[in-house]
Amino acid sequence: MAWFEQRHQFYGAELRLAHITDSHLFGTPEGCYFEVNTATHFSRVLNALAEEQLDGVVFGGDLTQDHSAASYALFAELVAQSALECPLFWVPGNHDDLTLLAQISEGQISAAKYLQCEQGDIVLLNSKGPTPAGWCEAAHLSELQQLLSEGAHAVLAFCHHHPVPIDGYLDKHMLENGPQLLNTLIDSQRVEALIHGHVHNAYTQSFRTLPVYATPATSIQFAKHTRDWQQHNTGPAYRLIHWTAQGVHTEVKWLEN
């Protein structure tokens, strides 16, 4: 099956999305990642999103920390138990297993990778490579390029790995062919922004004319602008995206510890 074959249609004159990422769940609700109970943090974010009157949520990858099937089942269970009612979509992270992601993709959790709305199109990309670093396969980039060439509407793009350096430890695991992906997006003259996870903090950057936004984690945040491995429990966070005829507005919201 082609990556973008499964599609979802939104309706309405405006679109309200949230981007959440890097939950790093374990096979049990008691699991802790650097002394943070990731299931509790994740549930708090889901409850906050339920108050936002959203049309959809994009999960940005690294669902699991222990790579267990039980962690994927816990993710689905926490979503089902929350008050969140809108569809949830996903892109894979370096920790993720595509087979396990596919197994929980039914009902509220959707496998769609090409989302359409009145304002334009949304593409959910696969940056999972053979190592913790990201890599977009040639066939995937070719399919993306073909998709972008077929329309005229504006586009929002999401992936897991960061395609431009953040001057931090995780640059050793960034999207290794990031410039190729970014140039593909920009050369289409359709893409409004790229939004990603992986870096566990908020960043606003650009590549040529393209805004590139990083969303903090629902789990733990990594210190910015240091090559050392440093973690801080500054609370979970998420990014809101409001898309209207006037363009795209995005902001990060933090939940207090």
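The values are calculated or read from the model by the stated rules, or taken from the named source; none is laboratory data. Remember, predicted model here, so these are calculated numbers, not experimental data. Reconstructed Cβ throughout: ideal geometry from the backbone, glycine too, with neighbour counts over all protein chains shown. When the accessible area is computed, the model is the full protein with side chains, heavy atoms only, and any ligands, DNA or RNA have been set aside. Shrake-Rupley method; radii C 1.70, N 1.55, O 1.52, S 1.80 Å.
Numerical summary
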| item | result |
| --- | --- |
| Kirkwood-type radius of segment 1-52, with distances r between different C-alpha atoms, in Å | 13.9 |
| Computed [θ] at 222 nm, deg cm²/dmol, the chain (DSSP H ≥ 4; -39,500 (n - 2.57); rounded to nearest 500) | -6000 deg cm²/dmol |
| Pairwise FRET efficiency - Glu35 versus Thr204, Cβ, R0 = 30 Å, nearest 0.05 | 0.55 |
| Fully extended contour minus Cα-Cα distance, from Glu251 to Ile186, at 0.36 nm per residue | 21.2 nm |
| Inter-label distance, nm, simple model (7 Å from Cα along the C-beta direction), Glu5/Ala73 | 2.9 |
| Fluctuation leader among Thr28, Thr40, Thr99 - the chain, Gaussian network, Cα springs under 10 angstrom | Thr99 |
| Relative contact order of segment 159-257, pairs being alpha-carbon contacts under 8 Å that are 6 or more residues apart, as % | 22 |
| Heavy-atom accessible area ranking, 1.4 Å probe, most first, across His173, His161 | His173, His161 |
| Fraction of antiparallel bridges per DSSP, the chain only, in percent to nearest 5 | 50 |
| Per-selection Rg to Rh, segment 102-181 - Cα, Kirkwood hydrodynamic radius | 1.01 |
| Top of Ala245, Ala202, Ala217 by mean-square fluctuation, Gaussian network on the chain, Cα under 10 Å | Ala245 |
| Segment 70-221: Cα Rg divided by the 2.2 N^0.38 Å rule of thumb | 1.04 |
| All Cα pairs of segment 1-140, percent lying beyond 17 Å | 60 |
| 12 Å beta-carbon shell around His153, net charge (K/R +1, D/E -1) | -3 |
| log₁₀ of I(q)/I(0) at q = 0.12, 0.14 Å⁻¹ - segment 41-97, Debye sum with one point per alpha carbon | -0.27, -0.37 |
| Listed residues Thr131, Thr244, Thr21, most fluctuating in the chain (Gaussian network, C-alpha, under 10 Å) | Thr131 |
| Estimated D of segment 142-195 in µm² per second, where Rh is the Kirkwood radius over Cα pairs and Stokes-Einstein applies at 25 °C, 0.890 mPa s | 205 |
